[in-house]
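Each value in this text was obtained by applying a stated rule to the coordinates, not by laboratory testing. Remember, it's a predicted structure, so these values are computed and weren't measured experimentally. Quick reminder, even Gly has a Cβ in these numbers, built from the backbone with ideal geometry, and neighbours come from all protein chains shown.
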Amino acid sequence: MTTIAERVREAEERIREHVLRTPLVRSERLSDAAGREVHLKLENLQITGSFKIRGVLNKLLTLTDDERSRGVIAASTGNHGLAVAHAAELLGITATIALPETADPAKVERLRGHAVRVEVRGAECAAAEAWARGVAESSGAVYVSPYNDPDVVAGQGTIGPELADALGSVDVLFASVGGGGLIAGVAGFLDGTGAGAHAVGCLPKNSPVMYDSVRAGRIVEARILPTLSDSTAGGVEPGAITFDLCREFVDDWVLVDEDEIRSAMALVKDEHDLEIEGAAGVAVAGLLKSRDRLPDPAGGNAVVIVCGGNIDRSAFEKAVGRLPPAAAT
């Protein structure tokens with residue numbers, strides 16, 4: 001049976017020429033706060049502004065000629081849709097993206113700049129997804145899941161080899177969790193190759209469905225309140241492969257509130273002059289909140305995956321306002 005690490009290596013070879021090897025930068029303030037070396041993996045600087053392009057490209061590059069000819073369809077609040085749009089254009093595949101009415105306007109505007117069909121369907125992600133799946137079933141188009149697909153998980157996991165090459169090993173990994181594909185792929189790779197890591201799944205208190213599901217031992221109905229982390233908000237579909245992967249590879253969980261997300265976004269702006277989206281702020285806030293219960297550093301390191309930066313200036317300023325950066329002492 002092919003392991004996650006093996007699938008990730010195959011994905012890395014497949015997508016290498018189409019994606020960026022994003023920077024890994026040391027954060028002095030977070031290092032001081034955590035008592036260990038902390039590096040930020042800047043996937044906000046990835047093509048399309050988030051890590052999502054990795055999984056989508058791996059999926060589309062595995063399609064047969066017949067599947068490509070039928071086109072692809074996806075449902076997204078923005079980042080996944082942007083990735084599907086870019087990858088489909090690159091490979092000459094027809095694509096349709098279904099969005100909920102709550103999608104971030106900045107992401108919708110960017111999406112409409114691509115040669116894809118955009119459909120606004122329903123008030124929430126679940127409605128847009130149901131519509132997209134229905135179209136896929138009736139038309140023969142390939143439905144591209146943002147997380148519930150082994151090829152997508154393997155593609156997201158290609159961050160892992162880049163971390164291992166740069167650091168040798170990762171002692172603690174922080175990643176934001178929605179459907180779980182990012183942390184499952186990266187932590188699964190690191191675990192399978194002996195390169196670490198104590199993986200910490202970070203979620204907004206206002207939408208913690210994977211955390212709730214793991215605690216319950218089954219996928220539960222989402223409890224969702226408004227959150228700055230719109231990219232991780234929403235439910236986990238029944239039977240999602242990432243549920244068992246998260247139970248296997250995620251060692252700890254941390255929930256952060258909206259003020260903690262805002263403060264983390266402000267910290268990254270203040271130290272690195274980067275405007276990151278709320279979902280990325282969740283992972284930074286997760287490190288700050290759990291720093292007192294991490295494994296003994298003993299000279300170790302930590303990596304925070306900054307998963308996306310698709311937020312316009314006005315939205316960022318509205319979110320952060322005059323809030324000071326998170327304390328780093």
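Quick look at the values:
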quantity: In sequence order, calculated HN-Hα J values of segment 218-235 (Karplus, 6.51, -1.76, 1.60; Hz; x Gly/Pro); calculated: 7, 6, 10, 5, 5, 10, 10, 10, x, 8, 5, 8, 5, 5, 10, 6, x, x
quantity: From phi via Karplus (6.51, -1.76, 1.60), per-residue ³J(HN,Hα) for segment 13-18 in Hz, x at Gly/Pro; calculated: 5, 5, 9, 3, 6, 10
quantity: Label-point separation, Asp165 to Thr102 (7 Å along Cα→Cβ), nm; calculated: 3.8 nm
quantity: Candidates Arg293, Arg21, Arg112, ranked by Gaussian network fluctuation over the chain, Cα under 10 Å, top entry; calculated: Arg293
quantity: Under 5 Å, built H, 5+ apart or other chain: amide partners of Val170; calculated: Gly196
quantity: Förster-model FRET efficiency, 51 Å R0, Asp292 and Asp66, C-beta, rounded to 0.05; calculated: 0.40
quantity: For segment 45-57, Karplus couplings with θ = phi - 60° (6.51, -1.76, 1.60), whole Hz, Gly/Pro x; calculated: 9, 5, 3, 6, x, 7, 5, 4, 4, 4, x, 5, 4
quantity: Separation of alpha-carbon centers, segment 59-98 and segment 170-230, rounded to whole Å; calculated: 25 Å
quantity: Förster radius 22 Å - calculated FRET efficiency between Glu248 and Val220, Cβ distance, rounded to 0.05; calculated: 0.75
quantity: Prolate/oblate/rounded label for segment 197-329 (Cα gyration tensor, a/c 1.5); calculated: oblate
quantity: Subset of Lys205/Lys269; Lys107/Lys318; Lys205/Lys289; Lys107/Lys289 violating a 18 Å alpha-carbon distance limit; calculated: Lys205/Lys269; Lys107/Lys289
quantity: Shape category assigned to segment 53-147 from the gyration tensor of Cα positions, a/c cut at 1.5; calculated: oblate
quantity: Å³ per residue enclosed by the Cα convex hull of segment 1-102; calculated: 150 Å³
